[in-house]
Amino acid sequence: MAYRRTRLLAAAALSAVALASTACSGGAGDDKNIALRMTVWTTDKNQLALFDSIAAEYRTAHPEVASVKFDVVPGDTSAYSAALTTQLSGGNPPDLAWILERDAPDFVQSGALTDLKPTLDAAAGYNAGELVPSATKLWTKDSGLYAYPFSTSPFGMFYNKNLLTQAGITETPDQLLASGRWTWDAARQIATQVAAKDTGKAGLVIREFEYKQWVLLASVWRGFGADAWGPDGKTCGFSTPEMTSAMTFLHQAIFTDKALPGPGTTADFFAGESGLTIAQISRAGLLKAKPFEWGIVPLPAGPKANAQVIGQAGIGVPVKGKHAKAAADFLAFFTDPANSAKLGQYFPPARDSLLNAATLAKANPLFSQEQLQNVVVNGIKTGAVLPSHTGSARIASLVQSALDPMWKPDADVPAALAGVCQAIDPALSQ
């Protein structure tokens, strides 16, 4: 319940932001002794150190900028979004903001963000023309770009080689991929066998799902030809035959095969507690100490599609910020070709010149060039971003509530999915 209340509060706050943004905008304070502040959704010390180093370099050439603070907002994605929108509507707007893909339609359509295109086009050496259209699509309105997609991170399937061997698995996901047999049925069979053996470990974990973050299930259902709603965003997709097939597959994997931990049970792949996990490639930093032998492959092929899924984060400049002009200028530096290459070790770039395995390998020593090509380059070029919609907080809460009956052993899956559509149809049509 706390998760749902947080999402709804975020929606109410963002509505207030939209109204306020039409009445005023920032930027008047761009002068001297500028203190920039950017909200970020990361606690990774290495990432924050990189941010600080880029900011320090910027400040040497811009003495009018006294400081750049990266303001860490703790909590899950819901808590982050709620905190950000509360700051925006409560008179304490950041100068720059890390924005999650699921909130992009609300931020872009509301008028809460500054159009970055004039600044990026004018920045020397920026080369905005090389930004991959599929990466900028979510952040574009008319001819404007309202946030820069600084992290375009595909989901992949990590696997623990040691644990698979212990469970008697004779063919790894890489071997199955090479032979054209890396499918959801194959992944389910591996996960079932790991969980069934006397390893004390889980089979497959969809990282951060925890029976709340339902949007992450797109990593499964898109291979079955399903999606949360149609391309126009007005038609519910949960009651389609494709979604029914996907969710029946998932329900049986959880409750019949025990291939995935059930509700109330957690397992952390990166701590060696599961054989497989679906996670964004940026999570590989958790394996830097090499706690076990591991591999990574693209998401498995489903019966209808070999669908890859991307998570995104954008950086936007709120119009209500005190230093919108200076913030946009810093953003142009933060995301220029050289700094995008540096950020690429954690956040896959949206620049075509950097989207090749050889270049990415320089900043990502944990991965082989083959892994980077298969998961990152191909994933970004062929994949689709996680579902997003205006009114995302309200819709997320409605879907989560309506899916609750499905997470029981004796659930009527088609009835639960029909209930989701009944719950969200009015919101989709608004």
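Using the Cβ-Cβ distance between THR60 and ALA122 with R0 = 25 Å, the FRET efficiency computed as 1/(1 + (r/R0)^6) comes to roughly 0.75.
When the chain is treated as a GNM with alpha-carbon contacts under 10 Å, the residue of PRO154, PRO291, PRO93 showing the greatest mean-square fluctuation is PRO291.
Of all aspartates and glutamates in the structure, the ones whose alpha carbon falls short of 19 Å from that of LYS304, not counting any fewer than 8 places away in one chain, are ASP185, ASP227, GLU242. Structure remark: mean-square fluctuation, Gaussian network model of the chain, C-alpha springs under 10 Å; the largest value among HIS62, HIS323, HIS389 belongs to HIS62. Residue pairs exceeding 26 angstrom between C-alpha atoms, taken from LYS69/LYS290; LYS201/LYS290; LYS45/LYS69: LYS69/LYS290. Angle of helix 392-403 to the longest C-alpha principal axis of the chain, folded into 0 to 90 degrees and rounded to 10: 10°. Taking every DSSP beta bridge that has both ends in the chain, the antiparallel portion is near 60%.
Computed with a 1.4 Å probe over protein heavy atoms only, the accessible area of ASP232 comes to about 100 Å².
Derived from the Cα gyration tensor, the three semi-axes of the equivalent ellipsoid of the chain are 36, 26, 18 Å, largest first. Residues considered: ASP44, ASP329, ASP268. Largest GNM mean-square fluctuation over the chain, using C-alpha springs under 10 Å, is found at ASP44.
The sum of -39500 (n - 2.57) across all DSSP H runs of n ≥ 4, divided by the residue count of the chain, sets its helix-only mean residue ellipticity at 222 nm to -11500 deg cm²/dmol. Once you reduce segment 257-323 and segment 65-110 to the center of their Cα atoms, the two points are 22 Å from each other. Find out how many positive minus negative residues lie around THR265, taking Lys and Arg as positive, Asp and Glu as negative, among other residues whose Cβ is under 15 Å from that of THR265. Within the 15 Å Cβ shell, the charges total 0. Take every pair of alpha-carbon atoms less than 8 Å apart whose residues are at least six positions apart; their mean separation over the length of the chain yields a relative contact order of 26 percent. Segment 123-151 and segment 173-224 have Cα centres separated by 33 Å. Solvent exposure of GLU242, expressed as accessible area, is near 60 Å², computed with a probe of 1.4 Å over the protein chains only. Contact order for segment 56-178, expressed relative to its length and based on alpha carbon pairs under 8 Å spaced 6+ residues apart, stands at 16 percent. Label reach from LYS258 (point 7 Å along Cα→C-beta): in segment 387-430, amide nitrogens under 18 Å belong to 408-410.
Based on C-alpha pairs under 8 angstrom that are at least 6 apart in sequence, segment 308-430 has a relative contact order of 23 percent.
Of the trypsin sites (Lys or Arg not before Pro) found in segment 191-296, the ones in coil according to DSSP and having at most 11 other Cβ atoms within 10 Å of their Cβ are LYS288.
The values are calculated or read from the model by the stated rules, or taken from the named source; none is laboratory data. In this text, all values refer to a predicted model and were calculated from it rather than measured experimentally. Here Cβ is always computed from backbone atoms with ideal geometry, including for glycine, and neighbour counts include all displayed protein chains. Remember, those area values only see protein heavy atoms, side chains included, never the ligands or the DNA or RNA. Shrake-Rupley method; radii C 1.70, N 1.55, O 1.52, S 1.80 Å.
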